[in-house]
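Before any comments, here is the structure.
Quick note: the coordinates plus some simple rules give every number you see, no bench work behind them. Small disclaimer: the values here were computed from a predicted structure and weren't measured. Heads up, the Cβs are rebuilt from the backbone with ideal geometry, glycines too, and the neighbour counts pull from every protein chain shown.
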Amino acid sequence: MSAQQYPDDLYYTKDHEWARLEDRDGQKLATIGVTRFAVDQLGDVTQVDLPKEGETVKQADVFGSVESVKAVSDLFAPLSGKIVKVNSPLSDSPEYVNEDPYDEGWMIQIAVGEAKELDGLLDAAAYQAFLREQGE
Amino acid sequence: MQHTPLHEAHLRLGAKMVDFGGWAMPVSYPGGIIDEHRATRQAVGVFDVCHMGEIHFRGERAAEAVQQLVTNDVGKLSDGRALYTVACLPTGGIVDDLIVYRISATHYLTVVNAANLVKDRAWFFEHARPLCDVTDASAETGLIAFQGPGAKHALQPLTKLPLGDLQSFAFVDRCEIAGVQASIARTGYTGEDGFEIFCAAEDAPALWDRLVEAAAGIGGKPAGLGARDTLRLEARLPLYGNDLDETTTPLEAGLGWVVKLDGAEFIGREALRAQKLAGVKRKLCGFEMTGRGIARHGYPLFDSDGRPSGTTTSGGPAPTLGKNIGLGYLPAELDRAGAHISVDCRGKRVDAEVVKGPFYKRGKA
């Protein structure tokens, strides 16, 4: 698997979400989406259901769902925090998730509440090792 | 898990394989389900259906043996003609839906669902073996579906048989296709024109490669079970295990047209007669989501007053229509175009509207 499939600057979960961290005015923000592996498993995404700005999410809790042609799958929050932005174009263009899962296909951005939760996430190498363990 | 003779071909094509009733089957190839769906609607799709069951009935009383098992009128078949039908329990519940082919007056073939083969075989053996020879040829038989508006055009160069002469639900028992001894029927499960081609299991890989090549020549491609499901749902063709089972009758499922109550005797006729006389209480209805949501198998359905009214049996996106559609059993009075219902999509009530007839109908060629 190439590094491009699992960029090195992201954090990953075993539920196949990713988080990209950035600092803005002293606040830690995390942009969240699903991994290339998740997208390959889902197939063509036809609908993405996301929460609203201002709502809060809790690490490991369901924050939305993705409908593909075949099935519906829950989205699990990699981190806790308050939602500051939602990728609303996904409601009309869910195919962005397939085409560009790490960029155009991002889902929500949160203000990270508990920085220590990051310790529970995987880096790109550990995530790929996890996929190999699962036989993928 | 069982493998079809085309297993290696699927792996070579990079298919995503899934367990389908004990069979390793391609759900899609790298282009994805929607791409395969469109290719089938616009050109041609090639489908591995080798997993389906083929049960032969041979002998002087073969017609009689098949007739007692199925609701449609086997007597109206002539050589080289096939019909769609269901087999029922004495209760009228559906054992399976199947196609019956009359090869000759003393030889009939039934093609049944893979997931039901073991059950069907036992049921058919029990009822038909006293009358004729019944054999399961599923393991030795390959079956490939070649479906789409371009099917005839793309297939003709591979055979001397004039395909234009083959009418819907007609078949030719012995012919040569791409150098392989085969039988070909103008049948399918996609709502498009097309063919289903039987051959010996060991010839299936060679035939598959030639069919895939012929399809590619007109912009077609191999298509997996995912596209097969979205295609059949748009065409409103029921799927056994989802829309049909032993607790549903053909009259409830909208398959009254294959039930000939005044014809020859068959298992389940009395129960179906009684149901028809009493009036069918629930119907398999088609619906279209008017709100934002996708119905899936098992999602509860409600009438416009919010009363629990039934369950979704099939549902998903309709790629050709750009809508989300579904099927489900509802009280007969809701089986009218435009009736308002709602679907419980994982805790969220989403509006939908009943639609009569197929969601998608192909244009006349």
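Somewhere in segment B:215-223, is a residue in contact (Cβ under 8 Å) with a residue 24 or more places away in the chain, more than 25 Å from B:M17 (Cα to Cα) and either surrounded by 18 or more Cβ atoms within 10 Å (Cβ to Cβ) or of a type in the set (A, V, I, L, M, F, W, C) (or both)? Yes: segment B:215-223 contains one or more residues that are in contact (Cβ under 8 Å) with a residue 24 or more places away in the chain, more than 25 Å from B:M17 (Cα to Cα) and either surrounded by 18 or more Cβ atoms within 10 Å (Cβ to Cβ) or of a type in the set (A, V, I, L, M, F, W, C) (or both). Restricting attention to segment B:45-95, the residues that are without any contact (Cβ under 8 Å) to a residue 40 or more places away in the chain and under 30 Å from B:V280 (Cβ atoms) total 2. Kindly indicate whether A:K28 is outside any strand (DSSP E or B), more than 14 Å from chain B (Cβ to nearest Cβ) and of a type in the set (D, E, K, R). No: the conditions fail for A:K28.
Any residue in segment B:95-112 that is part of a loop (DSSP other than H, G, I, E, B), within 17 Å of B:A63 (Cα to Cα) and over 17 Å from the mean Cα position of the chain (by Cα)? Checked segment B:95-112: at least one residue is part of a loop (DSSP other than H, G, I, E, B), within 17 Å of B:A63 (Cα to Cα) and over 17 Å from the mean Cα position of the chain (by Cα). Of the residues making up segment B:297-314, those that are within 14 Å of chain A (Cβ to nearest Cβ) and touching a residue at least 24 places away in the same chain (Cβ under 8 Å) are B:H297, B:Y299, B:T312, B:S314. In segment B:4-15, the residue that is nearest to B:W208 (Cα to Cα) out of those that are buried (at least 20 other Cβ atoms within 10 Å of the Cβ), more than 14 Å from chain A (Cβ to nearest Cβ) and over 19 Å from the mean Cα position of the chain (by Cα) is B:L6.
Checking the stated criteria, B:L239 turns out not to satisfy the condition of being surrounded by 15 or more Cβ atoms within 10 Å (Cβ to Cβ), on the phi < 0 side of the Ramachandran plot, more than 14 Å from chain A (Cβ to nearest Cβ) and among the aliphatic types (A, V, I, L, M). Restricting attention to segment A:58-113, the residues that are in contact (Cβ under 8 Å) with a residue 40 or more places away in the chain, closer than 18 Å to B:I33 by Cβ and within 13 Å of chain B (Cβ to nearest Cβ) total 4. Pairs meeting the criteria (first residue in segment A:10-21 and among the acidic types (D, E), second residue part of a strand (DSSP E or B), beta carbons under 8 Å, at least 6 apart or on different chains) are A:D15/A:F76; A:E17/A:I32; A:E17/A:G33; A:E17/A:V34; A:E17/A:L75; A:E17/A:F76.
Against the conditions (1) touching an Asp or Glu at 6+ places or on another chain (Cβ under 8 Å); (2) surrounded by fewer than 17 Cβ atoms within 10 Å (Cβ to Cβ); (3) among the polar types (S, T, N, Q); (4) under 30 Å from B:G268 (Cβ atoms), B:T141 satisfies every one except (2).
Scanning segment B:16-23 turns up one or more residues that are more than 12 Å from every other protein chain (Cβ to nearest Cβ), in contact with a strand residue (DSSP E or B) (Cβ under 9 Å, 6 or more places away or on another chain) and under 16 Å from A:Q41 (Cα atoms).
Going through (1) away from every other protein chain (no Cβ under 14 Å); (2) over 27 Å from B:Q67 (Cα atoms) one by one, B:L225 falls short only on (1). It is to be established whether one or more residues within segment B:69-80 are more than 22 Å from B:R232 (Cβ to Cβ), surrounded by 23 or more Cβ atoms within 10 Å (Cβ to Cβ) and not aromatic (F, W, Y). There is at least one residue in segment B:69-80 that is more than 22 Å from B:R232 (Cβ to Cβ), surrounded by 23 or more Cβ atoms within 10 Å (Cβ to Cβ) and not aromatic (F, W, Y).
Among residues of segment B:321-358 being buried (at least 20 other Cβ atoms within 10 Å of the Cβ) and in contact with a Lys or Arg (Cβ under 6 Å, 6 or more places away or on another chain), the one that is nearest to the other protein chains (Cβ to nearest Cβ) is B:S342. At least 1 residues being out of contact with any Lys or Arg (no Cβ under 9 Å at 6 or more places or on another chain) and of a type in the set (A, V, I, L, M, F, W, C) is the threshold, and among the strands (runs of 3 or more DSSP E) wholly inside segment B:18-65 those reaching it are B:23-28, B:53-58.
Inspect all residues belonging to segment B:295-302 and state whether any of them is surrounded by fewer than 15 Cβ atoms within 10 Å (Cβ to Cβ), out of contact with any Lys or Arg (no Cβ under 8 Å at 6 or more places or on another chain) and closer than 18 Å to B:K348 by Cα.
Yes; the residues of segment B:295-302 include at least one that is surrounded by fewer than 15 Cβ atoms within 10 Å (Cβ to Cβ), out of contact with any Lys or Arg (no Cβ under 8 Å at 6 or more places or on another chain) and closer than 18 Å to B:K348 by Cα.
Note on segment B:147-205: enclosed strands (runs of 3 or more DSSP E) holding 2 or more residues that are touching a residue at least 40 places away in the same chain (Cβ under 8 Å) are B:171-177, B:194-200. Is it true that A:T13 is more than 14 Å from chain B (Cβ to nearest Cβ), hydroxyl-bearing (S, T, Y) and over 30 Å from B:H37 (Cβ atoms)? When the stated conditions are applied, A:T13 passes them.
Within segment A:31-43, the residues that satisfy the criterion of being out of contact with any strand residue (DSSP E or B) (no Cβ under 6 Å at 6 or more places or on another chain) and within 12 Å of chain B (Cβ to nearest Cβ) are A:V39, A:D40, A:Q41. B:H37 meets the stated requirement of being within 14 Å of another protein chain (Cβ to nearest Cβ) and in contact with a helix residue (DSSP H, G or I) (Cβ under 6 Å, 6 or more places away or on another chain).
For segment B:269-289, state whether one or more residues are within 14 Å of chain A (Cβ to nearest Cβ) and in contact with an Asp or Glu (Cβ under 7 Å, 6 or more places away or on another chain). Looking for residues that are within 14 Å of chain A (Cβ to nearest Cβ) and in contact with an Asp or Glu (Cβ under 7 Å, 6 or more places away or on another chain), one finds none in segment B:269-289, hence no.
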